[in-house]
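Here is the structure we will look at.
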Amino acid sequence: MRIVVTGKKGQVVQALLERGPAFGADIVPLGRPELDLASPERVGALLAAARADLIVSAAAYTAVDKAESEPDLAYAVNAEGPRALAEAASSLGVPLIHISTDYVFDGSKDSPWTETTSLRRSASMARRSSRAKTPCLLLPPTLSF
Ligand SMILES: NC(=O)c1ccc[n+]([C@@H]2O[C@H](COP(=O)([O-])OP(=O)(O)OC[C@H]3O[C@@H](n4cnc5c(N)ncnc54)[C@H](OP(=O)(O)O)[C@@H]3O)[C@@H](O)[C@H]2O)c1
């Protein structure tokens, strides 16, 4: 199985590169400079060329504190970029797994979190990750974690 993962040096990408082969998966990182989620115009063409059986959306703006001073960039990378990925995956008919963060939740719940749990809106990072999650959930065949 050919699994295209967004990002190159990130922790999740590196873990998949390390462990994927043991499961017979061919892990193909797709990240900067070819794929920049802040400029997602080329996402569709790049994904089509990548011939993925499965796409893992693991690239993200993860500098939580810095996101407060770079809200536009955080929004572009964590919302518009994943939206473009989800739209491209949907039109190609390729399943997409979007890796999100529990930071989108406020931590106040005593029971398990589900796809329908309300999302935290108080912090820029959470707000932007939340918005990434929404378009990904709306476009089948996408799973968001
Ligand atoms: N690591 C964990 O234990 C963990 C746990 C729960 C959830 N998550 C979630 O999993 C996702 C990935 O986390 P991580 O720990 O792997 O993050 P990370 O180590 O900070 O890596 C971020 C990745 O995103 C890429 N990236 C950032 N901006 C980009 C852009 N404009 N265009 C394309 N790629 C860009 C980086 O690219 P470069 O390769 O160019 O640096 C890097 O590969 C995040 O949503 C995070 O919240 C991670």
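The values are calculated or read from the model by the stated rules, or taken from the named source; none is laboratory data. Here the structure is a predicted model, which means the values were calculated and not measured. As a convention, Cβ positions derive from the backbone with ideal geometry for all residues, glycine included, and neighbour counts pool all protein chains shown.
Does L46 qualify as being within 13 Å of the ligand (Cβ to nearest atom), part of a helix (DSSP H, G or I) and either hydrophobic (A, V, I, L, M, F, W, C) or loosely packed, with under 14 Cβ neighbours inside 10 Å (or both)? Step through it out loud before you land on a result.
Working: within 13 Å of the ligand (Cβ to nearest atom): yes; part of a helix (DSSP H, G or I): yes; either hydrophobic (A, V, I, L, M, F, W, C) or loosely packed, with under 14 Cβ neighbours inside 10 Å (or both): yes.
Yes.
What is the one condition in (1) surrounded by fewer than 19 Cβ atoms within 10 Å (Cβ to Cβ); (2) within 10 Å of the ligand (Cβ to nearest atom) that P40 does not satisfy?
Status for P40: all satisfied but (1).
What about G81, is it more than 16 Å from I27 (Cα to Cα) and more than 10 Å from the ligand (Cβ to nearest atom)?
For G81, the condition - more than 16 Å from I27 (Cα to Cα) and more than 10 Å from the ligand (Cβ to nearest atom) - is not met.
Can you tell me which residues in the stretch 22-37 are within 11 Å of the ligand (Cβ to nearest atom), over 15 Å from the mean Cα position of the chain (by Cα) and surrounded by 13 or more Cβ atoms within 10 Å (Cβ to Cβ)?
Filtering the stretch 22-37 down to residues within 11 Å of the ligand (Cβ to nearest atom) leaves 29-37.
Checking the rest, the ones that are also over 15 Å from the mean Cα position of the chain (by Cα) come to 33-34.
None - no residue of the stretch 22-37 is within 11 Å of the ligand (Cβ to nearest atom), over 15 Å from the mean Cα position of the chain (by Cα) and surrounded by 13 or more Cβ atoms within 10 Å (Cβ to Cβ), so the list stays empty.
Give all pairs with beta carbons closer than 9 Å in which a residue from the stretch 22-38 that is within 9 Å of M1 (Cα to Cα) and assigned to a loop (DSSP other than H, G, I, E, B) meets a residue that is more than 9 Å from the ligand (Cβ to nearest atom) and β-branched (V, I, T); count only pairs at least 6 apart in sequence or on separate chains.
A25/I3
Of the numbered conditions (1) of a type in the set (V, I, T); (2) out of contact with any strand residue (DSSP E or B) (no Cβ under 9 Å at 6 or more places or on another chain); (3) surrounded by 18 or more Cβ atoms within 10 Å (Cβ to Cβ), T101 satisfies every one except a single condition; which is it?
(3)
Can you pull out every residue in the stretch 1-21 that is free of Cβ contacts under 8 Å to residues at least 40 places away in the same chain, within 13 Å of the ligand (Cβ to nearest atom) and surrounded by 15 or more Cβ atoms within 10 Å (Cβ to Cβ)?
K8, Q14, L17
List every residue pair whose Cβ atoms sit under 8 Å apart, with the two residues 6 or more apart in sequence or on different chains, where the first one lies in the stretch 47-71 and is at positive phi and in contact (Cβ under 8 Å) with a residue 60 or more places away in the chain and the second, anywhere, is buried (at least 23 other Cβ atoms within 10 Å of the Cβ) and part of a loop (DSSP other than H, G, I, E, B).
Sorted first by the residue in the stretch 47-71, then by its partner, the list stays empty.
Do we have V64 as closer than 22 Å to K8 by Cα, at pLDDT below 90 and part of a loop (DSSP other than H, G, I, E, B) here?
On the way: closer than 22 Å to K8 by Cα: yes; at pLDDT below 90: yes; part of a loop (DSSP other than H, G, I, E, B): yes.
When the stated conditions are applied, V64 passes them.
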